[in-house]
Amino acid sequence: MKGRAAGGNASRAPMNDRPYESLELEELILRDRLAADRTSLANERTLLAYVRTSLTLLVAGLAFINVTVFHSPFNRIAGWCFVPVAVILLVIGIVRYRSVRRGVKQLRALTGTMDRVVHGGESGSPE
């Protein structure tokens, strides 16, 4: 692949807070709008996966703590470790969701501006 080192992600540029800032309005086309929609949907699915995993860890931790079948010191310690890990995982998921959502909103704002420039008025897409 062009522009990629043999090591995989070694040549990847660092994340930018405003990745679409350098694009010209004419460069943004329908493909970019559809990519923003796909990214938005994928972002929501990813958030739901974080929530699902977090809830699973929380329930498992509470089960290890409270269920009498598991009353061994190791299981209680594991249960108490699962609870904060679940909370931390949920926070990470929310932070990542908001970060990606901010980038998608920026791209949508640019494509909306392009529609107004090209069509001479409001964009026809319902939002």
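What the table shows:
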| read-out | value |
| --- | --- |
| Test for Leu34: is it modelled with pLDDT of 85 or more and part of a helix (DSSP H, G or I) | no |
| Filter pass, Leu41 being loosely packed, with under 12 Cβ neighbours inside 10 Å, in a helix (DSSP H, G or I) and over 15 Å from the mean Cα position of the chain (by Cα) | no |
| Test: residue in segment 104-122 that is under 30 Å from Leu30 (Cβ atoms), among the hydroxyl-bearing types (Ser, Thr, Tyr), at pLDDT below 95 and surrounded by fewer than 12 Cβ atoms within 10 Å (Cβ to Cβ) | no |
| Checking Ile94 against (1) in a helix (DSSP H, G or I); (2) at pLDDT below 80; (3) surrounded by 13 or more Cβ atoms within 10 Å (Cβ to Cβ), the condition it does not meet | (2) |
| Pairs with Cβ under 9 Å, 6+ apart, first in segment 49-64 and in a helix (DSSP H, G or I) and at pLDDT 95 or above, second surrounded by 15 or more Cβ atoms within 10 Å (Cβ to Cβ) and not hydrophobic (A, V, I, L, M, F, W, C) | Ala49/Gly93; Tyr50/Gly93; Tyr50/Tyr97; Val51/Gly93; Thr53/Gly93; Ser54/Gly93 |
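The values are calculated or read from the model by the stated rules, or taken from the named source; none is laboratory data. None of these values were measured; they are calculated from a predicted model. Neighbour counts are summed over all protein chains in view; Cβ atoms, including those assigned to glycine, are modelled from backbone coordinates with ideal geometry.
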